[in-house]
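See below for the structure under consideration.
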Amino acid sequence: MRGKFALGLAAAIFAHSSGNAQEVTLRAVTAFAEKTTYSRGFETFIERVNADGKGTIQINYIGGPKAMPPFEVGNALKTGVVDIANTTGAFTTNVMPESDAWKLTERPMSELRKNGGYDYMAKLYAEKMNAIFLARLVDNNPFHLYLNKPIAGPDLTGLKIRITPVYRDFFQALGATVVQTPPGEVYTSLERGVVDGYGWPITGIFDLGWHEKTKYRVDPGFYTAEVSVLVNKTTWDKLTDAQRVVLTKAAERGEAEAISEFSAENAKDTKRQAEAGIQTIKFEGATAETYRAKAYQAGWEGIIKQSPSTARKSGNFSPRNNHTRFVSGDSAWRDYPNGMGACWMH
Ligand code: 173
């Protein structure tokens, strides 16, 4: 009797489309503005699922930050308020501090899928966010510092810079005063002079008109942007194999396309920034190396600080050696017997 009721209820929640018990509809949100650079891959993913999944699985795209603030998406996904989300680790640190660590990866997803790095992160997403890490749709896409005041070297003393968790430790290490905002507040922050600059990847500054309020880009870039599709695990566990196949196929396709897509996008937006009059402040030689090394050192230290109960550092933080390690049992990276923890990151 009880079992029957429970089953009936599950079916009622789940098969909420058109009386067809075989077809399920998932609710989706994106943490980035609709139809902009960092939502586009997800929108293509949804189109593919909805085309391929007719009669099996459909996605109801609720929308972007107008529907849900970016920093709330992780929790909404975890609790099942939404079934599927397009977001980035920096926006979900309230639910899982280690999610921001994707920025420190220096290998493509195709390798991380093979060397254990993906498996390790996926396990953390399942445990801490009740999430299936389905596909990374942004890869090969560095972050940069954008400014309205010139700097002579890697010193941000006296400057106010817009950040998310991605940039906090690095920009603070360079002396900046930092102000966290979602992307939707960058334009007005620049316009009102609340900030002198901001962190953002190489692509996408044209989407919300920031080029109008940006004078300089600092080179080189640092880290790598990650934007990914997550599925609520409770929802996932209830799907049939056929429904999962539709999602997985679209996910694999999107992830495989990311590297070449962003190669092209990176080149396109770099050119477009120059054409829009954005000047490059270019650090070279040893200055560039120190700048990037500082980014990774501060980034690693920040991740470890965020995960103090489980993480411990051994060796030093230079990104090109194999000494950066989490060594406790359940933190983001462990010192795998073959050096995996170090090798998949570096
Ligand atoms: O700057 C940001 O808002 C941010 O953290 C981010 C992350 C991935 C892609 C684009 C922006």
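Laboratory data are not the source of any read-out in this text; all were calculated from the coordinates shown. This structure is a prediction, so every number in the text was calculated from the model and none was measured. Cβ placement follows ideal geometry from the backbone for every residue including glycine, while neighbour counts extend to all protein chains displayed.
Would you check if there is a residue in the stretch 60-72 being of a type in the set (A, V, I, L, M, F, W, C) and crowded, with 23+ Cβ neighbours inside 10 Å? No, the conditions are met nowhere in the stretch 60-72.
Screening GLY117, GLY175, GLY158 for residues that are away from the ligand (no atom under 15 Å from the Cβ) and surrounded by 21 or more Cβ atoms within 10 Å (Cβ to Cβ) leaves exactly one candidate, GLY117.
Here the stretch 78-99 is the region considered, the condition is being part of a helix (DSSP H, G or I) and over 16 Å from TYR38 (Cα atoms), and the residue that is nearest to the ligand (Cβ to nearest atom) is SER99. For the stretch 50-72, filtered to residues that are part of a loop (DSSP other than H, G, I, E, B) and within 16 Å of the ligand (Cβ to nearest atom), the residue that is nearest to THR248 (Cα to Cα) is GLY64. Of the strands (runs of 3 or more DSSP E) contained entirely in the stretch 114-202, those carrying at least 2 residues that are among the basic types (Lys, Arg) fall at 160-163.
In the set GLY221, GLY184, GLY197, only one residue is of a type outside the set (A, V, I, L, M, F, W, C), in contact (Cβ under 8 Å) with a residue 60 or more places away in the chain and buried (at least 19 other Cβ atoms within 10 Å of the Cβ); that residue is GLY221.
Does THR87 fit the bill of being more than 15 Å from GLU255 (Cβ to Cβ), buried (at least 21 other Cβ atoms within 10 Å of the Cβ) and under 16 Å from the mean Cα position of the chain (by Cα)? Answer is yes for this residue. When ASN75, ASN141 are checked against the criterion of being crowded, with 23+ Cβ neighbours inside 10 Å and either more than 14 Å from the chain's Cα centre (by Cα) or within 15 Å of the ligand (Cβ to nearest atom) (or both), ASN141 stands alone in meeting it. Note on the stretch 226-247: residues that are in a helix (DSSP H, G or I) and surrounded by 15 or more Cβ atoms within 10 Å (Cβ to Cβ) total 8.
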